[in-house]
1. Which of the residues spanning region 90-104 are open to solvent by 10 Å² or more (accessible area, probe 1.4 Å) and either more than 19 Å from T61 (Cβ to Cβ) or of a type in the set (G, A, S) (or both)?
2. Conditions first: (1) within 30 Å of L87 (Cα to Cα); (2) in contact (Cβ under 8 Å) with a residue 24 or more places away in the chain. G166 passes all but one, so which condition is the exception?
3. Please go through region 115-136 and give me each residue that is outside any strand (DSSP E or B) and more than 20 Å from I163 (Cα to Cα), ordered by number.
4. What are the pairs with Cβ atoms under 7 angstrom where one residue, in region 137-153, is outside any strand (DSSP E or B) and the other, located anywhere, is hydrophobic (A, V, I, L, M, F, W, C)? Sequence gap at least six, or different chains.
5. So which residues in region 105-121 are open to solvent by 20 Å² or more (accessible area, probe 1.4 Å) and among the aromatic types (F, W, Y), if there are any at all?
6. Scan region 176-200 and report the pairs whose first residue is free of Cβ contacts under 8 Å to residues at least 24 places away in the same chain and whose second residue is of a type in the set (V, I, T) and open to solvent by 100 Å² or more (accessible area, probe 1.4 Å), with Cβ atoms within less than 6 Å and a gap of 6+ or a chain change.
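The values are calculated or read from the model by the stated rules, or taken from the named source; none is laboratory data. For clarity, every value in this text was computed on a predicted model and none was experimentally measured. Glycine also receives a Cβ, built like all others from the backbone with ideal geometry; neighbour counts cover every protein chain displayed. Surface areas here come from the heavy atoms of the whole protein model, side chains and all, with no ligands, DNA or RNA. Shrake-Rupley method; radii C 1.70, N 1.55, O 1.52, S 1.80 Å.
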Amino acid sequence: MGACSTVCVKRKEMTVAIPINELNQVMQEIANDNQVCEESQAELSKKSVHTENQTYEQQSTNYEMQEDGTLYMGRKENGKKNGFGYLKFQDGSFYEGQFKDDMIDGFGKYTWGTMRCYEGYWQNNMMHGEGVTNWPDGRYYKGSYQFNQKEGFGEYRWSDGRIFRGNWLNGVQDGEGLVIEVNGRERRGLWSAGKRLQWF
């Protein structure tokens, strides 16, 4: 008997066979897309706690195809996604990292189909905690998130190279901050609800 060429995947109450080469292709796409985020996010990644979930053995891996075409590969406990796993969406977006009770929760990396990439901490499917977001046009944000919004201290770089370091609230600058121009000039100021009130 030759080598098995498919993996049986549960799809609600049906079982479908996914060719091994298709699964391998998904894994290769994930590996390729990861390169977008790795260099700028290496420092934050060191904060990630390496658990046994991240080195799970093949026999504990679940492959499930949802009705909308989303593919899940990873651990499940009590019928729910728990531990380390991958989600691949139909629009090309994917997530790899920790899950808790079917929710993205813990440390993980999400890459949108637009190639915007966030790596950091999650809670209940929302960016929550320290993280780094990179945009394909060169922008990035590194700092604190609260329920999908920039909140707390963070650094934002525009695509033209200008940098803002300071406080954020509800996704916009709020409080004191420092702007570093492309030529290196630094200016301190005060912001409220995303609008600069004054320079110091």
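1. Within region 90-104, Q90, D91, G92, M103 qualify.
2. Only one criterion in (1) within 30 Å of L87 (Cα to Cα); (2) in contact (Cβ under 8 Å) with a residue 24 or more places away in the chain is unmet by G166, namely (1).
3. M115, N124, N125
4. Partner pairs satisfying both residue conditions: R139/W158; F147/M126; N148/M126; N148/M127.
5. If the condition is that a residue be open to solvent by 20 Å² or more (accessible area, probe 1.4 Å) and among the aromatic types (F, W, Y), then F107, Y110, W112, Y121 are the ones that fit.
6. No pair meets every condition.
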